[in-house]
Amino acid sequence: MQVSTGGRRALECFARKGSRVGRVRGAFGRSEVRRQMEIDTTVPHSARVWNYWLGGKDNYPVDQEAGEQFLQVFPGMAQGARASRAFLARTVRYLAGEAGIRQFLDVGTGLPTADNTHEVAQAVAPEARIVYVDNDPLVLAHARALLTSTDEGSTDYVHADLREPEVILEAVRKSLDFEKPVALMLMGILGHIPDYEEARGLVRQLVAALPSGGYLVINDGTNVLSDANVEAHDQYNESGAVPYVQRSPEELGGFFEGLELVEPGLVSVTRWRYEVSGFGVPPEVDGYGAVGRKP
Ligand SMILES: C[S@@+](CC[C@H](N)C(=O)[O-])C[C@H]1O[C@@H](n2cnc3c(N)ncnc32)[C@H](O)[C@@H]1O
């Protein structure tokens, strides 16, 4: 992997895995590059703690400690993380299947795990094209594991920050055709933008780039079911990690301004088209999600 600090696209390399070439790009401004490329094992990181809750091994003692302390206060978090991944798989299956979407932009990818977006999408539509975006250096280090693809489709990775939507859009236009529908996925990331109006502005900017027939998918932690969950988040946010704010379902609904919500609308993630699992009505978790279509 070649890294230079010389410009906007500070990093660009190609990873060969399977039969396809995946592309890794860096899209930070010059000043951001060094800070955002170093793996810091002294404070917990969202992608790594999330990986710990999902039962993964790509985390450090500082993440395990923060993850465990969280679970001691709110044991339901591990179940919430799994429910959120299951929501991701159901929404991507719906989009690639029923909605006919062939391009996915997944911002806040996280570390590779089961049912990554490209695997789910390409199982339905082998020609699907996926671009992943994250700002965590460990996710970048693991990006090669994500860069598998069918021969017909493609999978690329951009190392960039949600707070720079214009930089993200410039980088992903090399892989995705914004004249055709794109599904923008913001899964568990908007809570990391604590200021609601800033988060809405970022979503608005990215959605503005989608053509008619594009989709927005969001899931995020909410604060409606459990005081223990709120307390656990407060504790986590004092750990030195990038804070994560829980929002009300109404606030999450605000991100879908101007879009048509796909049935069943904004619900606890376990309740979104759960019928496909063939089991009964699942218990709710403290995380809501929805899929919106740009008219
Ligand atoms: C809770 S994890 C969710 C991972 C994955 N989307 C999922 O649903 O399983 C949040 C992810 O967002 C990334 N993230 C947080 N803030 C970000 C930012 N400002 N720009 C880009 N990525 C960010 C983290 O590095 C992490 O990988």
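Some notes on this structure:
- Note on region 157-293: Kirkwood hydrodynamic radius from all Cα pairs is 16.1 Å, rounded to one decimal.
- Ligands, DNA and RNA left out, the accessible area of the chain computed with a 1.4 Å probe is 49% carbon and sulfur.
- Rg/Rh for the chain stands at 0.94; both radii use Cα atoms, and Rh follows the Kirkwood definition.
- For Ser46, solvent-accessible area (1.4 Å; no DNA, RNA or ligand), Å²: 50
- Average accessible surface for the chain: 43 Å² per residue, computed with a 1.4 Å probe over protein heavy atoms with every protein chain in place.
- Relative contact order for the chain: 18 percent, from Cα pairs under 8 Å spaced at least 6 residues apart, divided by residue count.
- From helices alone, the chain scores -10000 deg cm²/dmol at 222 nm; the rule is -39500 (n - 2.57) for each run of n ≥ 4 DSSP H residues, then divide by the residue total.
- With contacts taken as Cα pairs under 8 Å and at least 6 residues apart, region 159-219 reaches a relative contact order of 47 percent.
- Å³ per residue enclosed by the Cα convex hull of region 213-271: 101
- Among the protein heavy atoms, those of Arg271 account for about 70 Å² of accessible surface (1.4 Å probe, every chain in place).
- The Rg/Rh ratio for region 136-237, using Cα coordinates for both the radius of gyration and the Kirkwood hydrodynamic radius, is 1.01.
- Kyte-Doolittle mean at least -1.0 and Cα axial length at least 24 Å: DSSP H helices in the chain: 77-96
- For the set Trp53, Trp272, the ranking by accessible area, highest first and with no ligand, DNA or RNA atoms included, is Trp53, Trp272 under a 1.4 Å probe.
- Surface calculation, 1.4 Å probe, protein heavy atoms: Asp106 sits at approximately 0 Å² accessible.
- Translational diffusion coefficient (Stokes-Einstein; Kirkwood radius from C-alpha pairs) of region 42-124 at 25 °C, 0.890 mPa s, in µm²/s: 178
- Cα point-scatterer Debye curve for region 50-178, base-10 log of I(q)/I(0) at q = 0.14 Å⁻¹: -0.67
The values are calculated or read from the model by the stated rules, or taken from the named source; none is laboratory data. Here the structure is a predicted model, which is why all the values come from computation and not from measurement. Heavy atoms of the whole protein, side chains included, go into the accessibility calculation; ligands, DNA and RNA do not. Shrake-Rupley method; radii C 1.70, N 1.55, O 1.52, S 1.80 Å.
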